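Please read the structure below before turning to the comments.
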Amino acid sequence: MPDAPATILFVGDLVGGLGRRTLLGLLPALRERHSPTFVVVNGENVAGGLGITPKIADELLGAGVDVITLGNHTYKRKEIYRYLDDQPRILRPANYLAAQPGHGETVVERGGVRLGVINLSGNLYLNAGRPAFLEIDAALERLAGRADHILVDMHAEATSEKVALGWYLDGRVTAVVGTHTHVPTADARVLPGGTAYITDVGMTGPRGGVIGVRKDQAIESLRTQMSVRFETSPDDPWLNGVVIRSSKPLRAESIDQVLEPWTPSSAAMSGPKNQTM
């Protein structure tokens, strides 16, 4: 297989309209700075904090996002069901049931370089239909010979499950990136076999809240142990992502975190408020 240099920008969970605007506001500068071959984004929280809609997905893809990955909020909005079947560049976890809408892997091509993307859900604390460690082997067989690089988004609660998957796939894929917990971890590294790894990329959205939720509402819920209607926080938007560089197929040379604040214009902030979570 010939060399296939590529740079992948992966952006962690977009939270609400503010997360979407943060990505779109910073993406041109990130393209200029890092020159990514591919842009992959986790969008499972982008529609008011829960799920995604066809309209939002089309906007992200139209802005130059190559692939959208999802997670445990995939099916929160029924209007996305048909879209998941029809649009090859949006993924739900591959280890969901085969009867559920959507698909778990795809291949996109830029400049003659092919990137395979696989979306997985953890099994610990999350309701995935099949074991992730068995499904990833099947997915890699399906992608054999079809991709120069492979990125795996492991959307999982347990850090142990994500770390274990990184070691399990070391040398077999270009990168394993963790999502879901919305807090970036400090363990970005290239494993001995050449796979770039991070336990959690973090979230793109309001750092001034509690993993995306208005802090007063989150505190009230935790303090009173009562049901509280959550809304996406409007405070302190940041983009959390990683840049993965590779010059050879299925081997990463580096992985670097992108942790960047965004100052929205008054016009952007004056638009409609996010839907409640």
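The values are calculated or read from the model by the stated rules, or taken from the named source; none is laboratory data. Please read these numbers as outputs of a predicted model, since none were measured by experiment. Note: ideal-geometry Cβ built from the backbone for every residue, glycine included; neighbour counts use all protein chains shown. For accessibility, only protein heavy atoms count, side chains too; no ligands or nucleic acids. Shrake-Rupley method; radii C 1.70, N 1.55, O 1.52, S 1.80 Å.
Rg ratio for region 127-277: its Cα radius of gyration over 2.2 N^0.38 Å, N being its residue count, equals 1.24. For the set TYR83, TYR168, solvent exposure ranked by accessible area (probe 1.4 Å, protein chains only) runs largest to smallest as TYR168, TYR83.
With all protein chains in place and a 1.4 Å probe, the accessible surface of region 63-213 carries 54 percent carbon and sulfur. For the chain, adding -39500 (n - 2.57) for each run of n ≥ 4 DSSP H residues and dividing by the number of residues yields -7500 deg cm²/dmol at 222 nm.
Just round it to a whole percent: the fraction of Cα-Cα distances in region 93-151 exceeding 15 Å. Every Cα pair in region 93-151 considered, those over 15 Å come to 49 percent. Compute the Rg/Rh shape ratio of region 96-190: radius of gyration over Kirkwood radius, all on alpha-carbon atoms. Radius of gyration over Kirkwood radius for region 96-190 works out to 0.96.
Please give the net charge around GLU109, taking every other residue with its beta carbon less than 11 angstrom from that of GLU109, where Lys and Arg add +1 and Asp and Glu add -1. So the surrounding residues net to +1.
Dimensions of region 139-225 along the principal axes, based on C-alpha atoms and rounded to the nearest Å, stand at 53, 24, 21, largest first.
Looking at the chain, the accessible area is 42 square angstrom per residue; that uses a 1.4 Å probe and ignores ligands, DNA and RNA.
For GLY122, the residues 5 or more places off, or on other chains, whose built amide H falls under 5 Å of its own are HIS155, ALA156, GLU157.
If you wrap the chain's Cα atoms in a convex hull and average its projection over all directions, what's the area in nm²?
Mean orientational projected area (the chain, Cα hull): 13.9 nm².
Suppose we keep just the DSSP beta bridges with both residues in region 96-251; what percent of those would be antiparallel, to 5? Percentage antiparallel, nearest 5: 45. Translational diffusion coefficient of region 186-251 (Stokes-Einstein, Kirkwood radius from Cα pairs, 10 °C, 1.306 mPa s): 110 µm²/s.
The trypsin sites (Lys or Arg not before Pro) of region 204-244 that DSSP puts in a loop, and whose beta carbon has at most 16 other beta carbons within 10 Å, are ARG229. Straight Cα distances below 19 angstrom link LYS215 to the lysines LYS273, with same-chain residues fewer than 8 positions distant left out.
With only the Cα atoms considered, region 34-124 has a convex hull volume of 112 Å³ per residue. Basic side chains Lys and Arg get +1 at the Cβ, acidic Asp and Glu get -1 at the Cβ, and with that the dipole of the chain about its Cα centre reaches some 360 debye.
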